[in-house]
Structure formats: C-alpha cells, structure tokens
Amino acid sequence: MRVFNVAIVGTGFMGPAHTEGLRRLGMNVAGILGSSAEKSRRAAEELGIPRAYGNYSELLADGEIEAVHITSPNRHHYEQASAALRAGKHVHCEKPLAMTSAESGALCDLARGSGLAAGVNYNMRFYPLNWEVRAMIRSGALGRINSIYGSYVQDWLLYPTDYNWRVLSEEGGKLRAVADIGTHWLDLVQFVTGLSVSGVQADLKTVYPTRQRPIGEVETFSAKVEEIEATESIAIETEDSGAALLRFGDGAHGSLWVSQITAGRKNCLRYEIAGSEATVAWNSEQPNELWIGHRNEANRHLLRDPGLVSEDARAHIGYPGGHNEGYDDSFKHSFKSFYDYIAAGDFSAPEPFPTFADGHNEIVLCEAILESHEQGRWVEIG
Ligand code: SOE
C-alpha cells in the first residue's frame, strides 16, 4: 500500500483509535492537534507522533500532510473539514459530519469536483459480515425486503453522574443518541439493503434533564473507571433514548430504538432484515456471527471465515476464521478503503467508503427525526 502522511485532529476517544487503525495499515501518522498546544504535546508524546501542532493553521500549513482525520467534537467538523479541503488535503471525518444539513450540504458542494477524497467514518459498514449481508441482498437471497428493524444501545451514560461533551447540544448538536449512534444504524441498514429511508415518526426522551458535570474533562466511556471528585449541575436538552418508525423507499418498513442508558449493553448495534425468502440478523457485540433464518429449511449460523463468504466480504477480512476481528479492525478496513481509493487516483470512480454525501443524508434524517418528535407526526424525507 502507498504510505500517506496523515494528521489527526482530536485527542479524545477517537484520535488514538484513528491513529492505531492508520498505523496498522502502515500509514505515517505525522502530526496531531488537540484542543490546546499542551494537549497536542501530551497526545503526541503518548502516541509517539512526531509533530504536535499549536493550532489548526499550523497543521494545514504543513506541506507534508496529505490527509486530515477529524475526530474533534462535532461542532468543529464543518469549519475544520472545509478548511482542510480548501488547503488541498483529503479529509476523513468522524460522524456526524456537521451540526446541520446546511453545513453538511455545503461540505458536499466543496468536496464535489475538488479532486480530493472526503469520507465519513461510518466504520460499522466495515465489519465483513455486513458486506456479506449486502452481497446476499444484492443476489436476491433474501427476496423482497419486507422489514428492517433493530437498535443501537449502550450504557455509558446510564447515571445522571455520567458526563461527556456529547451530552451538550452546543458541542454535539441538538440530537445525541440518534446522531451519535442511531446514524450508524441508519447508515448501515441503508448500505446493506440499498434502500433509503423515506419517512420517519419519532419519539425521543431526555431521561435525565440534569446531569452532574465533573469540574475538568471526562473522556467518552471513561466515567466508568475514573474517580470523579467535584461536579456541577447542568441542564441537558439532548435525548438519552428514543424510537423511530421508519418507511423505506420501496415499501419496506421498520423501526429503530436507540439508547445510551441501557444497563449491560456496552456498545450493541443489532439489526434484523426480513425478506420474502429469508431473514438475516447481526449483532455488533458478536460481529463474527451471522444468523440466517429460513421457513422451510434449518436456519444457518455463518461464522466469519474468508473461505465461506462472498468476494466482497472477503476483501474486508484480515484474519482466518476463528481469529476474531472486531471494532479496531473495522477502523482499519474503513481507512483501507479510503486510502486504496486515493492511491488508485481515479476520482471519477464511485467511492467504496461512506462519503460526505452519505454523512449529509444522515444529518437530513436526524433533522427529520427531530422535527417528527417535536411535531408528533410523520415527516417525509426530501
Ligand atoms: C460513543 O457513543 C461512541 O464512541 C460513538 O461516538 C461511536 O461512533 C461508536 O462507535 C461508539 O460509541
């Protein structure tokens, strides 16, 4: 693989995750930027990254950097992604792509025809068995898709004392559980089925309208293991959980449940897709297994194994069957598809990774979900 020089923006949960995924591919993570010069320096030291930037202009002025990975809080994505594209750098951005569809639409315009790659890290697509489901659906193995339903649930915000920037609408956007994890599910089921959501009816709930914010900062998921000493009460507007009934373009329908307060479910995305011939079910907490349901023959249980899957799925498998692959592998494969595309050099070819257009679609869906919840009615998409 061609080695690219990459800079990371953000030193929280995702900055190190991107660094690791890129390094597993042999990419050169050449610099990092945190929310202060001190944070950049500390992260560079901990991760063994040669350059710690003092600010974003310094990063963009670094002529060696070919691509920027944006893993900062959501409110910075629009500005940082626009500036990186204008500076001629490829951009790989964490989801959600921006705070509003006006911003994500503008980013799509900027990316289109720029001669640069612009991707969004919907990494769930890159668990190989999701490519297998996609290949099965494309081959007609499921028949006509009738229903698509599932959930994405976590427990890291279960207590009112759990806190991270994601709970603040000014940092993460008006929606939280839906935008932070629900959009992974929505992106994934649309990707594997090839169907688009055409209408939503949502019901959301902020179970904790007040949370205790630690004085200082808390990283995603870390409140479970860190001792918090002093806190202050803050008002919360973003939802902890909620449901959306969904209609898909061709007559299929279904539902999504999201929650960040479901005790015992650590990071669990599940879907079941039922067609006129067969059903498939997948769970991100057992990502190497796929359940295939039949009516007139025994159900099957497919274990991820390069010898047992389609070529599409095999392309995203790094290890033999029984050598389990997981979350970090999904990052590696997400980045591989991004950099393989750039290395091939044909920017008129369809992108094999989630693009800014996909990121924009997710924000349009988020806005429809919010509107539906606020107005208590179905909202049609575009
Ligand atoms: C926190 O809910 C989070 O880190 C999400 O932001 C990620 O996208 C998901 O992969 C895991 O959970």
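The values are calculated or read from the model by the stated rules, or taken from the named source; none is laboratory data. Keep in mind the model is a prediction, meaning the values are calculated, not measured. Here the Cβ positions follow ideal geometry from the backbone for every residue, glycine too, while neighbour counts run over all protein chains shown. For the accessible areas, the whole protein counts, side chains as well, though only heavy atoms, and no ligand, DNA or RNA atoms are used. Shrake-Rupley method; radii C 1.70, N 1.55, O 1.52, S 1.80 Å.
Along its three principal directions, the equivalent ellipsoid of the range 148-227 from the Cα gyration tensor extends over semi-axes of 28, 14, 11 Å, largest first. Only Cα pairs under 8 Å and 6+ residues apart enter the sum, and on that basis the relative contact order of the range 175-293 stands at 25 percent. Among the protein heavy atoms of the chain, carbon and sulfur supply 48% of the accessible surface, probe 1.4 Å, non-protein parts ignored.
Figure note: GLU227, GLU232 ranked by solvent-accessible area, largest first, 1.4 Å probe, ligands and nucleic acids not counted: GLU227, GLU232.
When the Cα atoms of the range 195-353 are aligned to their principal axes, the ranges along those axes come out at 54, 39, 38 Å in descending order.
Segment GLU371..TYR327, full-extension length gain: 12.6 nm, with 0.36 nm per residue of separation and the alpha-carbon distance subtracted.
Length gained on full extension, SER348 to SER196: 52.4 nm, using 0.36 nm per residue less the C-alpha separation. Using a probe of 1.4 Å, the accessible surface attributed to ASP109 totals some 90 Å² when neighbouring protein chains are kept in position. Each residue of the range 114-130 was assigned a 3J(HN,Hα) from its phi angle through the Karplus expression (A = 6.51, B = -1.76, C = 1.60, θ = phi - 60°), giving 7, x, 10, 8, 9, x, 10, 7, 7, 5, 4, 4, 9, 6, x, 5, 6 Hz with x at Gly and Pro.
The candidates THR100, THR279, arranged from most to least accessible area with a 1.4 Å probe in the full protein assembly, appear as THR100, THR279.
DSSP beta bridges fully contained in the chain are about 65 percent antiparallel. Partners of LYS95 within straight-line reach, counting lysines whose Cα lies under 17 Å from its Cα and excluding those fewer than 8 residues away in the same chain: LYS174, LYS332.
Sum up the charges of everything whose Cβ sits under 12 Å from the Cβ of ALA44, counting Lys and Arg as +1 and Asp and Glu as -1, but leave ALA44 out. Charge balance near ALA44 sits at +1.
Each stretch of four or more DSSP H residues adds -39500 (n - 2.57); spread over every residue of the chain, this sum gives -9500 deg cm²/dmol at 222 nm. Could you compute how fast the chain diffuses translationally, taking Rh as the Kirkwood radius over C-alpha pairs and applying Stokes-Einstein at 25 °C with viscosity 0.890 mPa s? Give it in µm² per second. Reported coefficient: 114 µm²/s.
Pair-distance distribution of the range 5-123: all C-alpha pairs, bin width 10 Å, starting at 0; shares per bin in whole percent are 15, 51, 30, 4. Computed over the range 255-321, the range of Cα coordinates on each principal axis works out to 39, 34, 18 Å, biggest value leading. Given R0 = 22 Å, the distance between the Cβ atoms of ILE234 and PHE13 translates into a calculated FRET efficiency of 0.60. Rolling a 1.4 Å probe over the protein heavy atoms leaves LYS205 with an accessible area of roughly 130 Å². Rounded to the nearest 10 square angstrom, CYS366 shows an accessible area of 10 square angstrom against a 1.4 Å probe.
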